[in-house]
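The values are calculated or read from the model by the stated rules, or taken from the named source; none is laboratory data. Since this is a predicted model, take the numbers as computed values, not measurements. As a convention, Cβ positions derive from the backbone with ideal geometry for all residues, glycine included, and neighbour counts pool all protein chains shown. The area values use the complete protein model at the heavy-atom level, side chains included, leaving out ligands, DNA and RNA. Shrake-Rupley method; radii C 1.70, N 1.55, O 1.52, S 1.80 Å.
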Amino acid sequence: APVAAERADVAFLAFSSLTDIPGEAENTIRMFDRPETFAARTWDALRAQGIKRIAVVKVENQYLNTHLAEMKRQARADETVDLVEDVQSFGVKDFRTSIAKIKASPVKYDAVGVYLGSGQIGQFYKQLAEQNVTLTTFGTDFFESQSDIDEAGAAINGAFYAHYDVSNEFKTTY
């Protein structure tokens, strides 16, 4: 499809988080950044803080699965990314067991990847604070939910996430 869009000189809008769909083409506008790009930016921020051991709590979702897979793929030999909990539904709001697993783990984690959806993130942070966990946390663009930020309160302070950005050329042109 991207090649056909180039031949017709029209834009090709791609709604995919998968790395190989669609291929690169000048007329392609991806609605999701490639997971390898997000992972690279996230690793840059984690490495700048000296973080090497990461626990992840994730909801089952193809988009978030690709993020986790890329984080694991880009980890260096001395870095670990452990999936501590794979929640099966966006309806799950109780993360106390997941947080307890992180606290009780023989691995002393430096950070927690919060790969959850809107409506879950605020609850996760509230429960993290209830269990007095003060690890560095990071997530995905789902963190752009103002209602989750409000619900999380101060517990989300310091969390970061890779997000979509546009080039200065795009900003100037449009």
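For the stretch 87-117, which residues satisfy the criterion of being outside any helix (DSSP H, G or I) and surrounded by fewer than 16 Cβ atoms within 10 Å (Cβ to Cβ)?
Gln88, Ser89, Phe90, Gly91, Lys93, Asp94, Ser105, Pro106, Val107, Lys108
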Of all the residues that make up the stretch 37-61, how many are under 12 Å from the mean Cα position of the chain (by Cα) and open to solvent by less than 50 Å² (accessible area, probe 1.4 Å)?
11
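In the stretch 62-75, is there at least one residue being open to solvent by 80 Å² or more (accessible area, probe 1.4 Å) and at pLDDT 95 or above?
Residues of the stretch 62-75 that are open to solvent by 80 Å² or more (accessible area, probe 1.4 Å), as a first pass: 62, 72-73.
If we keep only those that are at pLDDT 95 or above too, we end up with 72-73.
Checked the stretch 62-75: at least one residue is open to solvent by 80 Å² or more (accessible area, probe 1.4 Å) and at pLDDT 95 or above.
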Within the stretch 142-166, how many residues are of a type in the set (D, E, K, R) and in a loop (DSSP other than H, G, I, E, B)?
1
Name the residue that is nearest to the chain's Cα centre (by Cα), counting only residues in the stretch 126-153 that are open to solvent by less than 40 Å² (accessible area, probe 1.4 Å) and of a type in the set (Asp, Glu).
Asp141
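So which residues in the stretch 118-141 are touching a strand residue (DSSP E or B) at 6+ places or on another chain (Cβ under 8 Å) and assigned to a helix (DSSP H, G or I)?
Quick first cut of the stretch 118-141, residues touching a strand residue (DSSP E or B) at 6+ places or on another chain (Cβ under 8 Å) only: 120-121, 124-125, 128, 133, 135-141.
The answer is Ile121, Phe124, Tyr125, Leu128, Asp141.
Please indicate, with yes or no, whether at least one residue in the stretch 10-17 is open to solvent by 60 Å² or more (accessible area, probe 1.4 Å) and at pLDDT below 65.
First, the residues of the stretch 10-17 that are open to solvent by 60 Å² or more (accessible area, probe 1.4 Å): 10-11, 13, 15.
Okay, now just the ones that are also at pLDDT below 65, so 13, 15.
Yes, the stretch 10-17 contains a residue that is open to solvent by 60 Å² or more (accessible area, probe 1.4 Å) and at pLDDT below 65.
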Are any residues in the stretch 76-86 surrounded by 15 or more Cβ atoms within 10 Å (Cβ to Cβ) and farther than 13 Å from Val112 by Cα, and if so, which ones?
Glu79, Asp86
